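Everything below concerns the one structure shown next.
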């Protein structure tokens, strides 16, 4: 499942890489009416391969609704597991088989930059590396999570895990959406694995991350902690009936 906004340069290359993997998979593109024609390109690719599906949305409505809409559509179509990833090749498709193997003994698997063997782009300036590492330390410390990479957007969820999570309670619509999803799974005591990845800077196009977005995320982490305080007490009993 790939949310897209202005990813016309990346999408054809990524779809080709995904379908070359030794896995039985389908690809769902959730496009927010990209001005650069990403949605049109996705339709053209889907016309040539029935394993590609496209969900068009009328505007840029944010990560929260893109992922939640995509999760529901994938589950409705019978997906056994749902992988979420970025379209810009910062998440290496070659790591997906390893994540799929790890999912056999976990409820959700994270592609992690901050476990042993993981790393970020060596071309990043020192301040950016520090900001990314500190953002993870900040969020996982406040929320009391043992995970090393709570902001990663490279994740593989079991069907049963997503069905057991009250996704309608997710409130974050931006960068901290990833933190909130990880925290909800943690509160419900789902077993989470972390597979080391190299997080590469995007190959084509322009990054959508900014200091303002990260500052807003830092504030939102405290709201997330309060929002799920009932689940912290109830643990597994809080899982919804799947």
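Nothing in this text is a laboratory measurement; each read-out follows from the coordinates by a stated rule. All of these numbers come straight from a predicted model, not from anything done at the bench. Note that we place each Cβ from the backbone using ideal geometry, even for glycine, and neighbour counts take in every protein chain shown.
Assuming 0.36 nm per residue, please report the length gained on full extension of the stretch residue 141 to residue 61 beyond their Cα-Cα distance.
Numbers: separation 80, 0.36 × 80 = 28.80 nm, distance 2.94 nm.
Difference between extended and current length: 25.9 nm.
If each residue's Cβ is checked for other Cβ atoms within 10 Å, how do 86, 201 rank with the fewest at the top?
Working: 86 19, 201 14.
With the fewest neighbours first, 86, 201 line up as 201, 86.
Once you have the Cα-Cα distance between residue 72 and residue 198, take 0.36 nm times their residue separation minus that, and quote the gain in nm to one decimal.
Details: separation 126, 0.36 × 126 = 45.36 nm, distance 2.91 nm.
Separation in residues times 0.36 nm, less the Cα-Cα distance, equals 42.5 nm.
Using only helices, what value at 222 nm comes out for the chain when you add -39,500 (n - 2.57) per DSSP H run of length 4 or more and divide by the total residues, to the nearest 500 deg cm²/dmol?
So the calculated ellipticity at 222 nm is -12000 deg cm²/dmol.
Could you give the length gained by full extension between residue 13 and residue 116, i.e. 0.36 nm per residue of separation minus their alpha carbon distance, to one decimal place? Kindly include the intermediate steps, with their values, before the conclusion.
Values: separation 103, 0.36 × 103 = 37.08 nm, distance 2.90 nm.
Contour length minus the Cα-Cα distance gives 34.2 nm.
Given a Förster distance of 25 Å, report the FRET efficiency between residue 130 and residue 222 from their Cβ-Cβ distance, rounded to the nearest 0.05.
Details: r = 21 Å, r/R0 = 0.86.
Using R0 = 25 Å, I get an efficiency of 0.70.
At q = 0.08, 0.10, 0.14 Å⁻¹, work out log10 I(q)/I(0) for region 2-238 with the Debye formula, treating every Cα as an identical point scatterer and leaving solvent out; two decimals please.
Once normalised to I(0) and log-transformed, intensities are -0.28, -0.44, -0.92.
Between residue 123 and residue 168, take the C-beta separation as r, use R0 = 30 Å, and let me know the FRET efficiency to the nearest 0.05. Display every interim value, and only then the final one.
On the way: r = 40 Å, r/R0 = 1.33.
It comes to 0.15.
What distance in nm lies between label points placed 7 Å from Cα along the C-beta direction at residue 33 and residue 47?
2.3
For region 13-89, what class follows from the C-alpha gyration tensor (a ≥ b ≥ c being the square roots of its eigenvalues): rounded when a/c is under 1.5, otherwise prolate if a/b is larger than b/c, else oblate? The partial results should precede the final answer.
Details: a/c = 1.63, a/b = 1.15, b/c = 1.42.
Taking the square roots of the gyration eigenvalues as a ≥ b ≥ c, region 13-89 is oblate.
Note down the nm distance, to one decimal, between modelled labels 7 Å out along Cα→Cβ at residue 98 and at residue 24.
Computed distance between label sites residue 98 and residue 24 equals 2.5 nm.
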